[in-house]
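Here's the structure we're looking at; comments come further down.
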Amino acid sequence: MAPPRSEPRRTRRQAGDAREHILAVAEERFSTLGLDGLKLVEIAAAAGVRHSTLLHHFGSAAGLHEALVERIVGRLVAETSAILQGDDLRLSASAAASAVYRLFAREGTAKLVAWLALAGAEPKIESLGAPFDRILERLEAHTREAGFPAAEGKALARAIVRITVTSAIGEGLAGSRLDRVMPPEEGVQDLPLETALATLILKAGGFLDEGQL
């Protein structure tokens with residue numbers, strides 16, 4: 001006689017806590033496995049809940065995906081805004097660019113943006129607009145301080161943001177794989193990519209003098 005099939009251990013939670021727990025498990029699986037990690041049965045097992053419980057909270061796979069996108073985008077907006085808290089413009093352009101780079105270079109964030117772009121989910125991508133507006137304002141202030149004409153400064157600020165974010169997403173999607181293709185040399189400490197990128201962009205834009213790093 002076959003031994004009884006073991007069931008995943010389940011913990012009783014309040015409805016809100018259960019929903020948040022399921023989303024946290026789904027996000028972790030998405031970060032490590034991509035879309036392959038979002039199979040409902042596997043998420044339920046990893047979260048220690050019944051498949052019916054997951055359907056109760058989200059209705060369907062599409063409902064879970066929608067809630068997961070809302071969760072990640074919401075946190076990304078909050079964290080990006082926190083970088084630019086208040087009206088203090090003393091945060092350097094390099095520090096702002098590096099901080100934004102680190103946010104988007106996260107593997108989970110990079111995969112999410114790629115997923116939204118491939119799915120044509122323009123409204124979700126556009127929900128990132130508010131913090132980007134503040135980033136642009138900050139960088140445009142620095143271009144004025146550096147003596148750029150208004151129109152040229154605005155164009156430069158947009159270019160810095162686009163290059164920073166697109167490079168970060170590429171790093172989040174392929175960086176670990178590139179490390180295997182071109183591992184660092186023994187005894188040579190790699191320069192953090194966000195630092196190297198910010199330095200190159202800002203030096204090319206005239207924010208840094210010769211010899212500055």
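Each reported figure results from applying straightforward, stated rules to the coordinates on display, with no laboratory input. Remember, predicted model here, so these are calculated numbers, not experimental data. Positions of Cβ are backbone-derived with ideal geometry, glycine not excepted, and every protein chain shown enters the neighbour counts.
Of the peptides 157-169, 27-39, how do they stack up when ordered by the mean number of other Cβ atoms within 10 Å, highest first? Don't skip to the end; give the middle numbers.
Numbers: 157-169: 19.0, 27-39: 15.9.
Final packing ranking: 157-169, 27-39.
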Per the charge dipole of region 14-59 (beta-carbon charges, Lys/Arg positive, Asp/Glu negative, Cα centre), the residue among L33, L54, L23 reaching farthest to the positive end is L54
Would you mind counting up the charge near S31? Only other residues with Cβ under 10 Å from its Cβ, with Lys and Arg at +1 and Asp and Glu at -1.
0
